[in-house]
Amino acid sequence: MHLMQLPREVLLGENLKGEVVNVARRLKLGRRVLVLYGSKTREIAGKDVEKNLRGEFKVGALTVKEASMEEVKRTLDRIRDEGIDWLIAVGGGSIIDVAKLASFKAGIPFISFPTTASHDGIASANASIKDIETKTSIKAVPPVAVIADVKVIKTAPYRYLAAGVGDIISNLTAVKDWLLAHRLRGEYYSEYAASLSLMSAKMVIKNANIIRLGNEESVRKVIKGLISSGVAMSIAGSSRPASGAEHLFSHALDMITPKPALHGEQCGVGTIITAYLHGLKWKTIRETLKKVGAPTNAYELGIDPEYIIEALTIAHTIRPERYTILGKEGLTREAAEKAAKITGVI
């Protein structure tokens, strides 16, 4: 049996802070809700969402500091103590990830209300939590609804939108890795999920000139790509359509670099290198990232070239069960340095 869990509603538009009430009513989510936000995202949208809900629901609120198991436990304690029926996460990846894992563990639904468009976690079932046993992400549940207010997301620094492009464009090499694992290891492969994932990447390449403007239309283009990526992962039942060697490279950087860049930024640079390894048109990928103002090399990431080489040589160890272009042995230092130099990453 292959189980596909998808968001039931996706709202994309302007001035949607009040729409949460209607969505919760339509989906019959229950009376008791816990609003999760960060200290900054509370001011951006969280307190307005909370205020709008108070007219019809019994509302609790919790400020999330980071994506850690301690914060997941704090959320679970509130869910249990107050008999919470559903959650809404107003914020970036960390807040959404905490809500995602807490709702999964508590067996209640959650709504995703993103305040940035920097990665595809806004609609996926995967949560990245710092101190769990795995080095990457943990499988949870996708949101029951996604409410993306382009006016709210547009207030975030443009850097986050460009990072979102990096995360979407990485689908090109992720799907190649997935197909490779299917052919060489007999791994399950969904052509439908792969096609949806690739379409998202091709759309951001096609619309790079619109995205670079940083206006409402730019946000719409990126959000649609991120949601499509999340849906592709739900269809596949894994992160395969949107996470390959380029993501392993990013996770490796997170482990070894004193100050990592944004997830989507690192994945974008990783995609340039892994596209080169796959024999894809890596220059097109690099040009798209340049066009939207996303980093394309170590200097722009703010990361020492030595860490880039090291990350490339250890990336294959991050998820040894996930077969990618890096193979089981990984890249030698010489091969890593050569690939990074040819693509201009170092």
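Residues in region 171-211 that are touching a residue at least 40 places away in the same chain (Cβ under 8 Å) and not hydroxyl-bearing (Ser, Thr, Tyr): 20 in all. Among the residues of region 28-37, are any buried (at least 16 other Cβ atoms within 10 Å of the Cβ), within 30 Å of ASP167 (Cβ to Cβ) and out of contact with any strand residue (DSSP E or B) (no Cβ under 6 Å at 6 or more places or on another chain)? No, the conditions are met nowhere in region 28-37.
In region 331-346, the qualifying residues are those that are in contact with a Ser or Thr (Cβ under 8 Å, 6 or more places away or on another chain) and crowded, with 18+ Cβ neighbours inside 10 Å, and the one that is farthest from ILE308 (Cα to Cα) is LEU331. Against the conditions (1) part of a helix (DSSP H, G or I); (2) surrounded by fewer than 22 Cβ atoms within 10 Å (Cβ to Cβ); (3) at pLDDT below 95, GLY121 satisfies every one except (2).
Condition check ((1) over 20 Å from the mean Cα position of the chain (by Cα); (2) part of a helix (DSSP H, G or I); (3) among the aromatic types (Phe, Trp, Tyr)) across all residues:
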site: LYS221; (1), (2), (3): no, yes, no
site: GLY230; (1), (2), (3): no, yes, no
site: ALA252; (1), (2), (3): no, yes, no
site: PRO258; (1), (2), (3): yes, no, no
site: THR271; (1), (2), (3): no, yes, no
site: LEU277; (1), (2), (3): yes, yes, no
site: THR284; (1), (2), (3): yes, yes, no
site: LYS291; (1), (2), (3): yes, yes, no
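Being in a loop (DSSP other than H, G, I, E, B), under 22 Å from GLU9 (Cβ atoms) and not assigned by TED's automatic domain parsing to the domain that holds ILE318 is a description that does not apply to ALA148. Check whether at least one residue in region 162-179 is touching a Gly at 6+ places or on another chain (Cβ under 7 Å), among the acidic types (Asp, Glu) and either buried (at least 24 other Cβ atoms within 10 Å of the Cβ) or modelled with pLDDT of 95 or more (or both), and report yes or no. Yes, region 162-179 contains a residue that is touching a Gly at 6+ places or on another chain (Cβ under 7 Å), among the acidic types (Asp, Glu) and either buried (at least 24 other Cβ atoms within 10 Å of the Cβ) or modelled with pLDDT of 95 or more (or both). Scanning region 182-193 for any residue that is under 17 Å from the mean Cα position of the chain (by Cα) and closer than 25 Å to LEU6 by Cα turns up at least one such residue.
Hey, any hits in region 311-334 for a residue that's in the same structural domain as THR257 (by TED's automatic domain parsing), of a type in the set (Gly, Ala, Ser), under 24 Å from the mean Cα position of the chain (by Cα) and in a loop (DSSP other than H, G, I, E, B)? No - not one qualifying residue is present in region 311-334. Number of residues in region 66-101 that are of a type outside the set (A, V, I, L, M), at pLDDT 95 or above and part of a loop (DSSP other than H, G, I, E, B) equals 2.
The values are calculated or read from the model by the stated rules, or taken from the named source; none is laboratory data. None of these values were measured; they are calculated from a predicted model. Glycine also receives a Cβ, built like all others from the backbone with ideal geometry; neighbour counts cover every protein chain displayed.
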